[in-house]
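Visitor: Please find one structure pasted underneath; my questions will follow.
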Amino acid sequence: MDKNAFLEFAKAKEIKCIEQETLSKHTSFKIGGPAEFFVKPSTVAQIIEIINYCNENNLPLFPLGKGSNLLVPDEGIDGVVIYFGSEFGKIELIDENTVYCEAGASLAALCNFALEKELTGLEFAYGIPGSVGGAVFMNAGAYGGEIKDTIVYADHVDKNGNIGRFTGEELQMSYRHSVYSEKNYFITGAAFKLQKGDKAEIKAKMDDLLGRRFDKQPMDKPSAGSTFKRPEGAFASALIDQCGLKGYRVGGAEVSTKHAGFVVNIGGATCADVLMLIKDIQEKVQADTGFYLEPEIEILK
């Protein structure tokens, strides 16, 4: 790659760009090497410019939001990481019950916005440490709620730089899955249809669910949330616990002693540590119970 050419392109398009940005600073696992180029667009037009430039120059391109469900290689990433952060996190009310949110906004910010507008339906998402884009991508859910319950449509830019939108059934949302799971698209925003509610009741529910999360999950240690998807007919955490794997470690990665469904970074964990631990868990659980555990974490390669 012609490094100077990319830097000049970013400068000309007024796109914030950082060289060799350490990705462990941008993932909840606190794991990951440097991105060759780390760009922070603030408009859809800039995203299209980045995609077109990378296509024309055969550069790898990766989206990154809050990095809360992501495992990044220790050696880092060659190419360009598009960061959907606060520069791309506007939230607005588009009618009395519908909230539109850019992909970089956190779920906490979206939930608090809904609370202020006295809108109910997103309380389940309060405490999920992800961005709106990431939540749409994987149909995030907790405590009986999922993104698919309230989403109206999602906007994106496809791999060729074309703007598009998926609505309703086009989103193909199921357990930890959406149409975007199979497409190399860049989610730019989403609209959520909510209902009028009582502000005090909404706040009480948000606080209750957040309290339950802190009671049951290892919120004090870096992780990527639930490590495995729920297998049909069982629960991943129960299977792992049943196999006596709580506290099992590889390097700095450990099966949480608080909640067996979480792999946590107890200090200095590498991507290699986590991958080996995941492999060991899968092999032990399958040998002892017959269940195969599919990772819920996105593994960047």
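Computed from the coordinates by the stated procedures, all read-outs in this text should not be read as laboratory data. Treat the numbers as computed from the prediction; the structure is a model and nothing was measured. Ideal geometry is used to build each Cβ from the backbone, glycine not excepted, and the neighbour counts take in all protein chains shown.
Visitor: For the chain, what are the DSSP H helices with axial Cα length of 20 Å or more and mean Kyte-Doolittle hydropathy of at least -0.5? Walk me through the numbers before you get to the answer.
Guide: Working: long enough: 199-216 (26 Å, -1.03); 271-289 (27 Å, 0.18).
Length and hydropathy pass: 271-289.
Visitor: Can you sort MET173, MET219, MET138 from fewest to most other Cβ atoms within 10 Å of each residue's own Cβ? The partial results should precede the final answer.
Guide: Numbers: MET173 24, MET219 15, MET138 21.
Going from sparsest to densest Cβ surroundings: MET219, MET138, MET173.
Visitor: Right, something else. For the stretch 32-88, what class follows from the C-alpha gyration tensor (a ≥ b ≥ c being the square roots of its eigenvalues): rounded when a/c is under 1.5, otherwise prolate if a/b is larger than b/c, else oblate? Working shown, then result.
Guide: Numbers: a/c = 2.54, a/b = 1.22, b/c = 2.09.
Oblate, since a/c reaches 1.5 and b/c is not below a/b.
Visitor: Compute from the Cα atoms of the stretch 7-115 the Rg and the Dmax, the latter being the longest Cα-Cα distance, and quote both in angstrom.
Guide: 15.1, 47
Visitor: Considering only lysines 8 or more places apart in sequence, or on different chains, count the pairs in the stretch 3-83 whose C-alpha atoms sit under 16 Å apart.
Guide: The number of close lysine pairs in the stretch 3-83 is 10.
Visitor: Rounded to the nearest 500, what is the chain's calculated 222 nm mean residue ellipticity when only DSSP H runs of at least 4 contribute -39500 (n - 2.57) each, over all residues? Mind dumping the intermediate values first?
Guide: Working: 7 runs with 84 residues, N = 301.
After summing the helix terms and dividing by the residues of the chain, the value is -8500 deg cm²/dmol.
Visitor: Can I ask one more? Arranged from highest to lowest average of other beta-carbon atoms within 10 Å per residue, in what order do the peptides 70-81, 18-29 appear? Walk me through the numbers before you get to the answer.
Guide: Details: 70-81: 19.4, 18-29: 17.8.
The densest-packed peptide leads the list: 70-81, 18-29.
Visitor: So if we plug the beta-carbon distance of GLN286 and GLN195 into 1/(1 + (r/R0)^6) with R0 = 41 Å, what FRET efficiency do we get, rounded to 0.05? Could you put the intermediate results ahead of the total?
Guide: Numbers: r = 43 Å, r/R0 = 1.04.
Rounded to the nearest 0.05, the efficiency is 0.45.
Visitor: OK, next. First obtain the Kirkwood hydrodynamic radius of the chain from its Cα pairs, then insert it into the Stokes-Einstein equation at 37 °C and 0.692 mPa s, and state the resulting D in µm² per second as a whole number. Working shown, then result.
Guide: On the way: Rh = 20.1 Å.
In µm²/s, the coefficient is 164.
Visitor: Taking the beta-carbon count within 10 Å as an exposure proxy, list TYR180, TYR53, TYR292 from fewest neighbours to most. Before the final figure, lay out the partial values.
Guide: Details: TYR180 22, TYR53 19, TYR292 11.
Least crowded to most crowded, the residues run TYR292, TYR53, TYR180.
Visitor: In addition: Could you tell me which of LEU61, SER223, VAL152 has its Cα farthest along the dipole of the chain towards the positive end, charges placed at Cβ (Lys, Arg +1; Asp, Glu -1), taken about the Cα centre?
Guide: The residue sitting most towards the positive pole is SER223.
Visitor: While we're looking at this one, here's another question. Would you order LYS199, LYS301 from fewest to most other beta-carbon atoms within 10 Å of each residue's own beta-carbon?
Guide: Working: LYS199 13, LYS301 7.
In order of increasing Cβ crowding within 10 Å: LYS301, LYS199.
Visitor: Between GLU87 and GLU170, how high is the FRET efficiency from 1/(1 + (r/R0)^6) when r is the Cβ-Cβ distance and R₀ = 25 Å? Nearest 0.05. Walk me through the intermediate numbers first.
Guide: On the way: r = 28 Å, r/R0 = 1.12.
E(calc), rounded to 0.05, equals 0.35.
Visitor: Would you calculate the separation in nanometres between label points at ASP74 and GLU294, each defined as 7 Å from the Cα along the Cα-to-beta-carbon direction?
Guide: 2.9
Visitor: In nm, to one decimal, how far is the LYS258 label point from the MET219 one, both placed 7 Å along Cα→Cβ?
Guide: It works out to 0.8 nm between the two label points.
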